[in-house]
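Everything on this sheet refers to the single structure shown next.
The values are calculated or read from the model by the stated rules, or taken from the named source; none is laboratory data. None of the values given here were measured: they were computed from a predicted structure. Glycine also receives a Cβ, built like all others from the backbone with ideal geometry; neighbour counts cover every protein chain displayed.
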Amino acid sequence: MSIPTELIGSIPRPSDLLSALTAHARGRLGDGDLAKQQEQAVAETLARLEQSGSPVLGDGEQAKPSFATYPVAGLDSLSPDGVVIPFADGHTRQLPCITEGPFRYQVRAESYLREAQRLTDRPLKQAVIAPSALSLLYPATPIDGYSRDEFLRDLADEAEADIRGCLDAGAHAVQLDFTEGRLSLKLDPSGSLLDDFIAFNNEVLGRFSDTDRARIGVHTCPGGDQDSTHSLDVDYAGLLPKLFQLKAGNFYLQLASEADPERVLGVIRDHLPAGARVFVGVTDPIDPRVETPVEVRDRVLLAARYIPAEQLGTCDDCGFAPFADDASTSRDLAFAKIDARVRGTALAAEALGL
């Protein structure tokens, strides 16, 4: 396929795994039995992605507690009363916050990648959480003996190691999940918080070579959890010019759920860095209707009017179940949308003579 296409990350967990997660949380299932359920879910995910014709696979984040908090899974020094993220339908998600330092990842994304590599020899993409998101783990009240500046230095080192570990392990691509980018403009319309996020992420990305950054991408979306979003009402035009300042070779942009995608494509065209590739979202995980391949094709052809073909790719708007307990989207629906994306992207490439 001459137009690359990739999933964003999470796939809804099978019912057996959801039941196992509940039993494990209640102390009725051991770690080893849970790990077996997770391995089975990863194997099935990889097989179904391969059957869809996906050129690049992923583990569907089957073993992550969430896309955001996997690095601190099992960390003892956490308080549950961190930043609250409100969604449009009224539900919220709350991040933890650390209570002491030094800060260290408990789990690295490389571990998920290596597990998937045992089950397939196909190219694998690995999603990691952006360091800017984890910067929100520091509490509002400073920790005695461990300043925020010390925390950020430790976090930058840990985030670099998380990304580098995946690259060194042979990931086809590493994707930083940066859903807090658009949300930041809702929390702080002045853009100051977004500027801080961009600067901090660039401090980490600047440690990588141009060759490495060609395999590093950044994903942004307005959130997607329990069929709701946290920042779809924020104007994309406030985010994209600054997003493209990030030192990454690839950008994965939610687009299918935008009310006026052509306007957004104009902003992309005006600010796209030379040599960077933009993967535009052509399926909406929140919409219960499955897009047709022809509909996907037409979305790609519209994007090709604004983005040079050699800089164009496709993706889903965001992950289908970023939090492990989100069962609002069925597993079969997610794979049906992925099938439509792959087939529709191929139709667009054919129409463009690529």
With respect to ASP339, is the statement that it is of a type in the set (Asp, Glu), touching a strand residue (DSSP E or B) at 6+ places or on another chain (Cβ under 6 Å) and within 19 Å of GLU61 (Cα to Cα) true? no
Query - Residue match in the range 28-44 (condition: at pLDDT below 95, exposed (fewer than 14 other Cβ atoms within 10 Å of the Cβ), under 20 Å from PRO322 (Cβ atoms) and not basic (Lys, Arg)) - result: no
Within the range 137-163, residues at pLDDT 95 or above, among the hydrophobic types (A, V, I, L, M, F, W, C) and more than 17 Å from the chain's Cα centre (by Cα) come out as LEU137, ILE143, PHE151, LEU152, LEU155, ALA156, ALA161
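Kindly indicate whether PHE87 is in contact with a Phe, Trp or Tyr (Cβ under 8 Å, 6 or more places away or on another chain), of a type outside the set (Ser, Thr, Tyr) and at pLDDT below 95.
It is false that PHE87 is in contact with a Phe, Trp or Tyr (Cβ under 8 Å, 6 or more places away or on another chain), of a type outside the set (Ser, Thr, Tyr) and at pLDDT below 95.
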Filtering helices (runs of 4 or more DSSP H) wholly in the range 106-208 for at least 2 residues that are of a type in the set (Asp, Glu) gives 109-117, 148-168, 192-205
Reported set for the range 87-115 where residues are under 19 Å from TYR138 (Cα atoms), touching a residue at least 24 places away in the same chain (Cβ under 8 Å) and of a type outside the set (A, V, I, L, M, F, W, C) is ARG93, PRO96, THR99, GLU100, GLY101, PRO102, ARG104, TYR105, GLN106
For the range 273-287, pairs from a residue that is on the phi > 0 side of the Ramachandran plot and part of a strand (DSSP E or B) to a residue that is surrounded by 24 or more Cβ atoms within 10 Å (Cβ to Cβ) and at pLDDT below 95, with Cβ under 8 Å and 6 or more apart or across chains, are none
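Scan the range 60-78 and tell me whether some residue there is under 30 Å from LEU352 (Cα atoms), within 21 Å of the chain's Cα centre (by Cα) and modelled with pLDDT of 90 or more. Explain how you work it out, then say what you get.
Initially, the range 60-78 is screened for residues under 30 Å from LEU352 (Cα atoms), giving none.
Within the range 60-78 (the criterion being under 30 Å from LEU352 (Cα atoms), within 21 Å of the chain's Cα centre (by Cα) and modelled with pLDDT of 90 or more), the answer is no, since none of the residues qualifies.
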Filter the range 209-235 for residues that are modelled with pLDDT of 95 or more and more than 18 Å from LYS125 (Cα to Cα); the one that is surrounded by the most Cβ atoms within 10 Å (Cβ to Cβ) is ASP210
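Just to be sure, is PRO12 under 19 Å from the mean Cα position of the chain (by Cα) and under 30 Å from ASP188 (Cα atoms)? Spell out the reasoning first.
Numbers: under 19 Å from the mean Cα position of the chain (by Cα): yes; under 30 Å from ASP188 (Cα atoms): no.
No.
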Of those in the range 116-136 that are farther than 18 Å from ALA161 by Cα and not polar (S, T, N, Q), the residue nearest to the chain's Cα centre (by Cα) is LEU124
Quick count over the range 327-352, residues being surrounded by fewer than 20 Cβ atoms within 10 Å (Cβ to Cβ) and either modelled with pLDDT under 95 or outside any helix (DSSP H, G or I) (or both), is 4
